[in-house]
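The values are calculated or read from the model by the stated rules, or taken from the named source; none is laboratory data. What you are looking at is a predicted structure, and each value in this text was computed from that prediction instead of being measured. Every residue, glycine among them, receives a Cβ derived from its backbone with ideal geometry; neighbour counts consider all protein chains shown. Ligands, DNA and RNA are excluded from the accessible area calculation, which covers all protein heavy atoms including side chains. Shrake-Rupley method; radii C 1.70, N 1.55, O 1.52, S 1.80 Å.
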Amino acid sequence: MKQLTRGAVVMVLATLVLVGFLAALVPLSNSLIEQWARRDLELRSELVFNSIRDRVEREIAGQTQQLVPFFERLTADERIMALGLCDGGGRITVATSRMPSGLDCRIPAAIEEAPFQARFIRTRVAGERLLIGVFPLAVAGQPASLIILHELGFVADRIGEARWYLVIVGLALLLLVGAVASLIVGLLQRRYMSAVLASIQDLKAGRASRPRGVMDPGVQEESREIRGLLRDFREKIRQEDGTPIEWSPATLQDLLEKELPDAEVFVVSNREPYIHNRDGDRIVVQRPASGLVSALEPVMRACGGIWVAHGSGSADRDTVDASDHVAVPPAKPAYRLRRVWITEEEQEGYYYGLSNEGLWPLCHLAYVRPIFRDGDWQQYVAINQRFADAVAREATRPDPIILVQDYHFALLPRMIRELLPKATILTFWHIPWPNAEAFGICPWKEEIIAGLLGSTVLGFHTQAYCNNFFETVDRFMESRIDREHRSVVFGGEETMVRPYPISIEWPPAALLSQQPVATCRQVVRERYGLGPDMKIGVGIERFDYTKGILDRLQAIDELLIRRPEWKGRFTFIQIVAPTRSKLTSYTALQKHALRITAEVNARHGSEGYQPIHLVIRHHEPEEVYELFRAADLCVVSSLHDGMNLVAKEFVAARDDELGTLVLSRFAGASSELSEALIINPYDVQGMAEAIGRALVMGEPEQRERMRLMRSHVRERNVYRWAGQILLDASRLRKRRRVQEFQIGE
């Protein structure tokens, strides 16, 4: 009986110790959580500063207000309240919208104590607890600094959650101790009557055999459980800090099933995802070199539905059924392609004329004058109406979801709205939208804007393009613009205007069949007759004057002039797919590129060595990814580009985390892939220097940059892009149904 009493006393003492331990753990956990949260924000601030420092220091001497959209983007996905730029006098010269009005750069004693070091200050502004990071900048000897503000209010919420976790843990442990105590007491009672003395001796022997200072196994188990709970708690904090959803085809399909059940999905584009062409007696399938197709085709494979596009292949009519349908992809059909037929004469006016001699140069700042002809406009209107009629005939429901793509179909949203009033029309403009003054030269600007405002949602790559569109509407249309909710009300209908940076599928389908990087390099070296020590650069795009191909070739020339040691050690493979060859500006571009290539090769080449390989033909995605994997660097030098998915494809191809991306600041991708070497494509000398820097960049720096870019592209892939648009569509459809229900009542 004494043993039973002693066991009960031990259990009571263990319970008291446990209660005391938990009571002591509460203030300790509060302190630890606050330290973790503050350190997390400090590290986040340092990472943001290190990522954008070069760009800020480059632009601070110029039009600093151009940094505002860039700063606003940084506050969108991170736990950052505001960013600001301060001059030496303590004035905030650039600030995001949430910068407290009462704050200036004279942070108490922060800069005076350590003027050349980053400092973090906790303070209160307008009743809010803030952590302010002050980072000095080097700008032509003038003092300046970047300040990054974080809210600390969420720390109290975390501490409150931690207390609940500890209460739950304590109750669980108390129940566990009680259960163990009852079990032990019951066991001792049963054994007491038969072998009391033996039990006591065995128990003493067991205690004596345990070395002094060794933790009891039961306590060890409890300690492991507490550590596990704390790990879970840290994981919850990490998730609350913005851990992204893993977007995939399955995620997109789940979203459609949950948010848009039984939805009928259409994609409308000029270019088709699969082209059937005749090659002698055979029919071959070709996938066009198009960023639009690269982005949307994986989405359609995931969602199913119907893709309506121009049938342009020489064997397209031979491969469709009686309703002009063909199932694609050919190897594993997942959706239907509905082809619309356009005559050569219509193609001249609609596609080559208004679309590519008018709207394309109008929207791209590449200094090519747009050409507007009334005959082209009439063909453009007619083809837009033809596609609208095709969509209406294909729709089996009154409220389909229709994704209208690009500048070829500016009038289509309004035309579809008239035929299918309940349709959810999601229009995405894949090229830049110019400022209001530039767009104002278009003779049919009002018709184009009205056509686009037939959309339910109108998407652009960046917020800057959205702002340009708002200004254009404000200048030329009678409408109501709600900038807070980012929408335009025109003709009694509201259109949401949103930035949706487009991306690529992850992992890319073309990457799955690739050989290891070493094998790809060997294959490419053998194909082009390159030695084992030759450094390889690549450029891959369509033959278009907006891509900066001529400036890129001249930069290779400049590099070899300034750094002749790279002769025989570096070659550049420029892949270009022919496009719009009927237009004079494009044929002239090709001739000019061939001439520059010949001159550079004659000037710097030698027997067995060719500095530039200019390859003019279409490459399938598998060939493109093989080149990406073989290359040491990739140059994307667009003079003006909505996004440019080549940059993201290069990053996705490099699962070895090596290689360097040289990227134009005028491509939309530069706002996302800031770890690339950012260049001004109009500065040939600067581009040559960047290529030279890429050639000597060490592997540790390459990996650090590539890991960050790959993480961004993986998290913000094309399924996330489509998911964001479809989620907005879902919310609007639900709101419309509520309004219809209220009207019905």
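What about Leu47, is it exposed (fewer than 13 other Cβ atoms within 10 Å of the Cβ), under 25 Å from Pro143 (Cβ atoms) and either modelled with pLDDT of 65 or more or touching a Leu at 6+ places or on another chain (Cβ under 7 Å) (or both)?
Working: exposed (fewer than 13 other Cβ atoms within 10 Å of the Cβ): yes; under 25 Å from Pro143 (Cβ atoms): yes; either modelled with pLDDT of 65 or more or touching a Leu at 6+ places or on another chain (Cβ under 7 Å) (or both): yes.
It is true that Leu47 is exposed (fewer than 13 other Cβ atoms within 10 Å of the Cβ), under 25 Å from Pro143 (Cβ atoms) and either modelled with pLDDT of 65 or more or touching a Leu at 6+ places or on another chain (Cβ under 7 Å) (or both).
Checking Glu657 against (1) at negative phi; (2) open to solvent by 30 Å² or more (accessible area, probe 1.4 Å), only one condition comes out false. Which one?
(1)
Would you mind telling me which numbered condition in (1) of a type in the set (Ser, Thr, Tyr); (2) modelled with pLDDT under 70; (3) open to solvent by 60 Å² or more (accessible area, probe 1.4 Å) Ser29 fails?
Condition not satisfied by Ser29: (3).
I'm trying to understand the selection: among the residues of the range 470-521, which are more than 21 Å from Leu296 (Cα to Cα), without any contact (Cβ under 8 Å) to a residue 24 or more places away in the chain, open to solvent by 70 Å² or more (accessible area, probe 1.4 Å) and not small (Gly, Ala, Ser)?
Glu478, Arg480, Arg483, Glu484, His485, Arg486, Glu494, Pro516 - these are the residues of the range 470-521 that are more than 21 Å from Leu296 (Cα to Cα), without any contact (Cβ under 8 Å) to a residue 24 or more places away in the chain, open to solvent by 70 Å² or more (accessible area, probe 1.4 Å) and not small (Gly, Ala, Ser).
Mind listing whichever residues of the range 548-576 are open to solvent by less than 10 Å² (accessible area, probe 1.4 Å) and either within 16 Å of Arg617 (Cβ to Cβ) or among the basic types (Lys, Arg) (or both)?
The answer is Ile549, Arg552, Ile573, Gln574, Ile575, Val576.
Among the residues of the range 629-644, which ones are crowded, with 24+ Cβ neighbours inside 10 Å and of a type outside the set (D, E, K, R)? Walk me through how you get there before you give the answer.
Filtering the range 629-644 for residues crowded, with 24+ Cβ neighbours inside 10 Å gives 629-631, 633-638, 641-644.
Correct list: Ala630, Ala631, Leu633, Cys634, Val635, Val636, Ser637, Ser638, Gly642, Met643, Asn644.
Which of the numbered conditions does Glu672 fail, given that it passes all the others? Conditions: (1) modelled with pLDDT of 95 or more; (2) open to solvent by 10 Å² or more (accessible area, probe 1.4 Å); (3) farther than 22 Å from Tyr367 by Cβ.
(1)
All but one of (1) open to solvent by 40 Å² or more (accessible area, probe 1.4 Å); (2) closer than 30 Å to Leu67 by Cβ; (3) in a strand (DSSP E or B) hold for Gly459; which doesn't?
(1)
Specify the residue that is farthest from Leu337 (Cα to Cα); the eligible residues are those in the range 372-395 that are β-branched (Val, Ile, Thr) and either open to solvent by less than 10 Å² (accessible area, probe 1.4 Å) or at pLDDT below 95 (or both).
Ile383
Quick one: would you say Val524 is modelled with pLDDT of 95 or more and assigned to a helix (DSSP H, G or I)?
Working: modelled with pLDDT of 95 or more: yes; assigned to a helix (DSSP H, G or I): yes.
Yes; evaluated as a whole, the condition is true for this residue.
Assess whether Glu526 counts as being more than 30 Å from Phe650 (Cα to Cα) and either touching a Pro at 6+ places or on another chain (Cβ under 7 Å) or open to solvent by 70 Å² or more (accessible area, probe 1.4 Å) (or both).
On the way: more than 30 Å from Phe650 (Cα to Cα): no; either touching a Pro at 6+ places or on another chain (Cβ under 7 Å) or open to solvent by 70 Å² or more (accessible area, probe 1.4 Å) (or both): yes.
No, not satisfied.
Filter the range 402-456 for residues that are in a helix (DSSP H, G or I), open to solvent by less than 10 Å² (accessible area, probe 1.4 Å) and of a type in the set (A, V, I, L, M, F, W, C) and give the result. Walk me through it before giving the result.
Taking the range 402-456 first, the residues in a helix (DSSP H, G or I) are 407-409, 412-419, 436-439, 445-452.
Next, from what is left, pick out any that are open to solvent by less than 10 Å² (accessible area, probe 1.4 Å): 407, 409, 412-413, 416, 436, 439, 448-449, 451-452.
Listed by number, the residues that qualify are Phe409, Leu412, Ile416, Ala436, Phe439, Ile448, Ile449, Leu452.
Which of the residues belonging to the range 273-310 are in contact with a Leu (Cβ under 6 Å, 6 or more places away or on another chain) and closer than 22 Å to Gly642 by Cβ?
Across the range 273-310, the qualifying residues are Gly291, Ser294, Trp307.
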